[in-house]
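Every number in this text was worked out from the coordinates using simple rules, so none of it is lab data. Bear in mind that the values here come from a model prediction, so they are computed numbers and not experimental data. Cβ placement follows ideal geometry from the backbone for every residue including glycine, while neighbour counts extend to all protein chains displayed.
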Amino acid sequence: MQINQALPIHCAYCFDVLIASLQKKELPKPTFQEFDVPVFITFYANKEDLRGCIGTFSSGPLSQQLAKYTYLSAFKDSRFPPIQTKELNSLDVGVSLLVNFQKGKKWNQWEVGKHGIIIDFQEGGREYGATFLPEVAAEEGWDINTTLEHLIAKAGYRKNYQNILDKIQLTTYETSKAKMTYAEYLELKK
């Protein structure tokens with residue numbers, strides 16, 4: 001097993017945490033190797049509808065990260081109501097472990113579908129920052145320019161994005177991702 005690799009057992013643990021939280025039971029003990037890593041947990045309903053996604057760029061013990069961000073993604077993503085037990089059959093969970101961070105890149109020094117990007121810049125005395133995971137641009141069908149246009153808007157900058165491209169401090173990263181449906185989870189638990 002390669003360290004910093006997302007595995008099906010990590011997804012199963014996220015479902016364990018979700019179910020324990022819904023049933024107000026004690027969290028299960030992890031059965032996988034621990035290592036420190038930043039994570040994002042993403043829930044989808046009906047295969048493709050985003051249902052929650054929260055994570056961190058700070059490293060921490062994997063089991064603690066999975067438990068914390070599963071809970072936050074399922075119940076505290078302000079874009080969605082909390083997940084309910086009746087939704088379990090429609091859910092998929094995705095675990096993204098963030099790896100290979102590289103700072104100091106120019107705004108166009110990254111590949112769609114391979115890299116996640118973090119942007120930071122200052123304009124008019126204000127600081128801006130935002131990120132997209134590697135799959136976002138590819139899933140949306142965006143090129144580099146379109147991705148940056150959307151990411152700069154996500155950061156809260158409302159003027160012409162092309163005016164600040166040279167001010168962007170860009171960090172790239174990659175993800176190791178695993179995904180599991182609730183049906184696959186139930187099969188694994190048999």
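Which residue, VAL99, VAL39, VAL136, tops the fluctuation ranking in a GNM of the chain built on C-alpha contacts under 10 Å?
Maximum among the listed residues: VAL136.
With the Cα gyration tensor of the stretch 1-82 giving a ≥ b ≥ c as the square roots of its eigenvalues, does the rule (a/c under 1.5 for rounded; else a/b larger than b/c for prolate; else oblate) give rounded, prolate or oblate?
Judged from the Cα gyration tensor, the stretch 1-82 comes out prolate (a/c at least 1.5, a/b above b/c).
Which order do the peptides 24-36, 149-161 come out in when sorted by mean C-beta neighbours inside 10 angstrom, highest first?
Top of the packing list down: 149-161, 24-36.
How much net charge surrounds PRO61 when only other residues with a Cβ under 15 Å from its Cβ are counted (Lys, Arg +1; Asp, Glu -1)?
So the environment of PRO61 carries a net charge of 0.
At 0.36 nm per residue, minus the direct Cα-Cα distance, what do SER59 and LEU88 gain on full extension? Give it in nm, one decimal, please.
7.6 nm
Taking 0.36 nm per residue of sequence separation and subtracting the Cα-Cα distance, how much length would be gained by fully extending the chain between ASP36 and LYS159, in nm to one decimal?
Going from the current span to full extension adds 40.4 nm.
I need the Debye-formula profile for the stretch 100-173: one equal scatterer per C-alpha, no solvent, reported as log10 I(q)/I(0) at q = 0.16 1/Å, two decimals.
The Debye formula, applied to the Cα set alone, gives -0.48.
Counting only other residues whose beta carbon sits under 9 Å from that of GLN169, what net charge do I get with K and R as +1, D and E as -1?
+2
Around ALA130, which amide H atoms from residues at least 5 apart in sequence, or from another chain, sit under 5 Å from its own amide H, with H modelled in the peptide plane?
Hits under the 5 Å cutoff: ILE119.
Starting from the Cα gyration tensor of the stretch 21-65, take the square roots of the eigenvalues, sort them a ≥ b ≥ c, and report rounded, prolate or oblate (rounded when a/c is under 1.5, otherwise prolate if a/b is larger than b/c, else oblate).
oblate
Need the full-extension length gain, ILE9 to ASN108, defined as separation in residues times 0.36 nm minus the C-alpha distance. One decimal, nm.
32.1 nm
Straight-line reach from LYS167: which lysines have a Cα under 26 Å away, not including same-chain ones fewer than 8 places off?
Here the lysines satisfying the reach criterion relative to LYS167 are LYS103, LYS105, LYS106, LYS114, LYS154, LYS159.
Under the Karplus relation 6.51 cos²θ - 1.76 cosθ + 1.60, θ = phi - 60°, what is the ordered set of whole-Hz ³J(HN,Hα) values for the stretch 115-120, x standing for Gly and Pro?
Using θ = phi - 60°, the values come out as 9, x, 10, 10, 10, 9 Hz.
Each residue of the stretch 16-26 in order: what ³J(HN,Hα) in whole Hz does its phi give by Karplus 6.51 cos²θ - 1.76 cosθ + 1.60, θ = phi - 60°, with x for Gly and Pro?
Running phi through 6.51 cos²θ - 1.76 cosθ + 1.60 with θ = phi - 60° gives 4, 5, 4, 5, 4, 5, 5, 8, 6, 10, 5 Hz.
Treating only the Cβ of Lys, Arg, Asp and Glu as charged (+1, +1, -1, -1), what charge dipole size does the chain show about its Cα centre? Round to the nearest 20 debye.
In debye, rounded to 20, the chain gives about 420.
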